[in-house]
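Undergrad: The structure under discussion is supplied below as structure tokens; questions concerning it will follow.
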Amino acid sequence: LGGVSLQSHPIHKLRQHRPLGRTQSAPLPQNAQALQQLVVQQQHQQFLEKHKQQFQQQQLHISKMMAKPNEPGRQHESHPEETEEELREHQGLGDSTESLPHGVTIKQEPPDEQDEEFQQRERQAEEELLFRQQALLLEQQRIHQLRNYQASMEAAGLSVTFPGHRPLSRAQSSPASATFPIVVQEPPAKPRFTTGLVYDTLMQKHQCMCGNSNIHPEHAGRIQSIWSRLQETGLRGQCECIRGRKATLEELQTVHSEAHVLLYGTNPLRQKLDSSVTPMFVRLPCGGIGVDSDTIWNEVHSSSAARLAVGSVVDLVFKVASGELRNGFAVVRPPGHHAEESTPMGFCYFNSVAIAAKLLQQRLNVSKILIVDWDVHHGNGTQQAFYSDPNVLYLSLHRYDDGNFFPGSGAPEEVGIGPGVGFNVNMAFTGGLEPPMGDADYLAAFRTVVMPIANEFAPDVVLVSSGFDAVDGHAPPLGGYKLTAKCFGYLTKQLMGLAGGRLVLALEGGHDLTAICDASEACVSALLGNELDPIPDDVLQQRPNANAIHSMEKVLEVQSKYWRSLQRSASTLGYSLLEAQRCETEEAETVTAMASLSVANKHMGKRTEEEPMEEEPPL
């Protein structure tokens, strides 16, 4: 021990290892030299154990010296592994009563005994310091031995690594911990039942091989910007963040064909498929590869990112449906609502929301699911997946323009087939951008079409394909409408009144970064139950434009035969939100008055029956 220098290994390096005698054994060496080295290590281990026992005996002796005559049962034991804070506290035991543990008091001794007590404390401090130095010296020797062992193993061709350990001064194995336990104040657990968020940086890797995100609207910066905004505003801290995962091939096949899943969900299996189903990849003008002029493909990362988006949405939806979370928002890409059974298109490969709905039906036996799609483009893939299913109501608000806006589907007359007739509702806006649709038009559509049908359907879970490309800031080819981001907060709040609040929003389209960040912030704030800014007066007083009214009339004409609740909406189609609220208030007052009158008449009739008729006097 005397030959080891304290300067050779700084103390802060010593704290990278576990306490004495805790090292796990490495695999047995394969040659004689290494075997001999292992024997040396085992002997050294026994040496350490022996000294550890000596130290504990020495500490017991020190603690007995510290015990006071009037406290025979109180032993304050020390140990080289106790914290530095405790060591300072014990050394200052006689200087101040404030440094003592709770309940320990100092008895006032006569003046002639103070010198002896002071000398006793000095001896105790010196012995503790000596003991600590011995522990450090032994630790240094152990490190030196481990390094020699590691070198011998590497020389024998075996890789040996020692995992990181807790610092020497933090171990809880000290006997003193039984007397003065170290209490670690942990932050209070965040309530689990709140809004859930899901996000994974691996989804950013899906990008064109040309490397230029400026010419590709659906790029990695979309979800990165939204996630940063939620962090900056503090909303992320109020939510429960869950880990994403890749969807399995079986989960993908609940909506997509096996060939489609193998083509776009795996890399090594693609070459094994029949050439007749091999997709026609095209060379894009930028030099990259895509399945069409818009939908880029990255051979290395696209399949993983697409499967991760699906799995993330599925897990979040299941946590909300099972009651583990109140509601949720999935910050995912690539989007999914355009992906059909065997066709990728419109930036989409796998239909995340549709797959989540199918799995809810199969695994949780959820009987009624509402899917609201407020992306400015019609969700042709989602409509296709549930076109004959009466247990999934698909309700889309989108720019249609008589089929002249991408993808061209979503006419009001598309209502479903077979048992699914009436469970496919397309709130298709026609009329181009003269004027473009705004907050008043979407709020009117929600008031007259979406919410009446949704309440009548009475879903168990609500899923939203939450594209934000209807927000002002998107060029006409990608949107062209003029909704504000805050409007989506109002729409979210209305949907929260359905299905006991079990609501999950999954990001779809939206390519203007400011617009999608503002809209995501508004939606998450609404999901958390935060108070939203009131709807501006000009929006409250604005009536929907003529094209919007005509579009809503068309939907009511088609759907009123399936939904009785729409019959009341026809009379207030052209009203502003304020006028509609006044009308509803007047109707409610009228109904209340009629009910009161009816009750009064019943009481009157009952009292008349109970009153006996006057008997006529006898003649």
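The values are calculated or read from the model by the stated rules, or taken from the named source; none is laboratory data. Remember, it's a predicted structure, so these values are computed and weren't measured experimentally. Don't worry about glycine lacking a Cβ; one is built from the backbone with ideal geometry, like all the others, and counts go over all protein chains shown. We work out accessible area using only protein heavy atoms, side chains counted, and drop any ligands, DNA or RNA first. Shrake-Rupley method; radii C 1.70, N 1.55, O 1.52, S 1.80 Å.
Undergrad: Once amide H atoms are built 1.01 Å from N in the peptide plane, which residues 5 or more positions from Leu483, or in another chain, come under 5 Å H to H?
TA: Sorted by chain and number, the residues that satisfy this are Asp472.
Undergrad: While we're on this one: Over the C-alpha atoms of the range 400-472, what are the Rg and the largest Cα-to-Cα span, Dmax, in Å?
TA: Cα-based Rg and Dmax for the range 400-472 come out at 13.6, 39 Å.
Undergrad: With viscosity set to 1.306 mPa s and temperature to 10 °C, compute the Stokes-Einstein D of the range 336-448, Rh being the Kirkwood radius across alpha carbon pairs; µm²/s, no decimals.
TA: 110 µm²/s
Undergrad: Once the whole set of protein chains is in place, how much accessible area is left on Arg399, using a 1.4 Å probe, in Å² to the nearest 10?
TA: 30 Å²
Undergrad: In terms of solvent-accessible area of protein heavy atoms at a 1.4 angstrom probe, what is the ranking of Lys482, Lys554, Lys561, highest value first?
TA: The ranking, largest first, comes out as Lys561, Lys482, Lys554.
Undergrad: Right, here's the next one. Would you mind pulling out the separation of the Cα centroids of the range 511-565 and the range 380-416, in Å?
TA: 18 Å
Undergrad: Could you give the length gained by full extension between Ala593 and Leu130, i.e. 0.36 nm per residue of separation minus their alpha carbon distance, to one decimal place?
TA: Residue separation times 0.36 nm, minus the Cα-Cα distance, leaves 157.5 nm.
Undergrad: So how much slack lies between Asp538 and Gln581, counting 0.36 nm per residue of separation and subtracting their Cα-Cα distance, in nm?
TA: 14.0 nm
Undergrad: For the pairs Lys493/Lys554; Lys368/Lys486; Lys358/Lys561; Lys319/Lys368, flag any whose C-alpha to C-alpha distance is greater than 22 Å.
TA: Violating the 22 Å Cα-Cα cut-off are Lys493/Lys554; Lys368/Lys486; Lys358/Lys561.
Undergrad: Follow-up. Please list, in chain and number order, the residues 5+ apart from Val425 or on another chain whose amide H is under 5 Å from its amide H, with Hs placed from the backbone.
TA: Tyr394, Leu395, Ser396
Undergrad: While we're here: Given points 7 Å out from each Cα along the Cα-Cβ axis, report the Phe193 to Leu137 separation in nanometres with one decimal.
TA: The two pseudo-label positions are separated by 6.2 nm.
Undergrad: Hey, another quick one. Can you tell me the accessible area per residue over the range 445-583, all protein chains present, probe 1.4 angstrom, in square angstrom? Before the final figure, lay out each step's value.
TA: Working: 5480 Å² over 139 residues.
About 39 Å² of surface per residue is accessible.
Undergrad: Explain nothing, just compute: Karplus ³J(HN,Hα) = 6.51 cos²θ - 1.76 cosθ + 1.60, θ = phi - 60°, for every residue of the range 355-365 in order, whole Hz, x for Gly and Pro.
TA: 5, 4, 5, 4, 5, 4, 5, 6, 9, 10, 6
Undergrad: Calculate the spin-label point distance for Asn148 paired with Gln53, positioning each point 7 Å from the Cα along the beta-carbon direction, and give it in nanometres.
TA: 2.4 nm
Undergrad: Per-residue HN-Hα couplings for the range 120-127, Karplus 6.51 cos²θ - 1.76 cosθ + 1.60 at θ = phi - 60°, whole Hz, x for Gly and Pro?
TA: 4, 5, 5, 4, 4, 5, 5, 5
Undergrad: Further, regarding this structure: Determine the order of Arg243, Arg236 by accessible area, beginning with the largest, at a probe radius of 1.4 Å.
TA: Highest to lowest solvent-accessible surface, that is Arg243, Arg236.
Undergrad: Further question: How far is it, in nm, from the label point at Val300 to the one at Thr233 when both lie 7 Å from their Cα along the line to the Cβ?
TA: 3.4 nm
Undergrad: Over the range 303-359, with the other protein chains present, what is the accessible area per residue in square angstrom, probe 1.4 angstrom?
TA: Here the per-residue accessible area is 18 Å².
Undergrad: While we're here: Residue by residue through the range 560-568, what is 3J(HN,Hα) from phi via Karplus (6.51 cos²θ - 1.76 cosθ + 1.60, θ = phi - 60°)? Round to whole Hz and write x for glycine and proline.
TA: In residue order, the calculated couplings are 5, 6, 9, 10, 5, 5, 6, 5, 6 Hz.
Undergrad: Under 20 Å from a label point 7 Å along Cα→Cβ of Cys210: give me every residue in the range 279-314 with its amide N that close.
TA: 280-303
Undergrad: Here is a follow-up. Measuring with a 1.4 Å probe in the full set of protein chains, what accessible area per residue, in whole Å², belongs to the range 376-432?
TA: Details: 1610 Å² over 57 residues.
Per residue, the range 376-432 has 28 Å² of solvent-accessible surface.
Undergrad: At 1.4 Å probe size, with the rest of the protein present, what percent of the exposed accessible area of the range 474-578 is carbon and sulfur atoms?
TA: Ligands and nucleic acids excluded, carbon and sulfur reach 50 percent.
Undergrad: Right, next: Determine how large the accessible area of Ile417 is when every protein chain is in place; take a 1.4 Å probe and give Å² rounded to the nearest 10.
TA: 90 Å²
Undergrad: When all C-alpha to C-alpha distances in the range 475-588 are sorted into bins of 5 Å, what percent of pairs does each bin hold, rounded to whole numbers?
TA: Calculated over all Cα pairs of the range 475-588, the distribution is 2, 9, 14, 17, 21, 21, 12, 3, 0 percent.
Undergrad: Once neighbouring chains are kept in place and the probe is 1.4 Å, which whole percent of the accessible area of the range 350-391 is contributed by carbon and sulfur?
TA: Of the solvent-accessible surface of the range 350-391, carbon and sulfur hold 39 percent.
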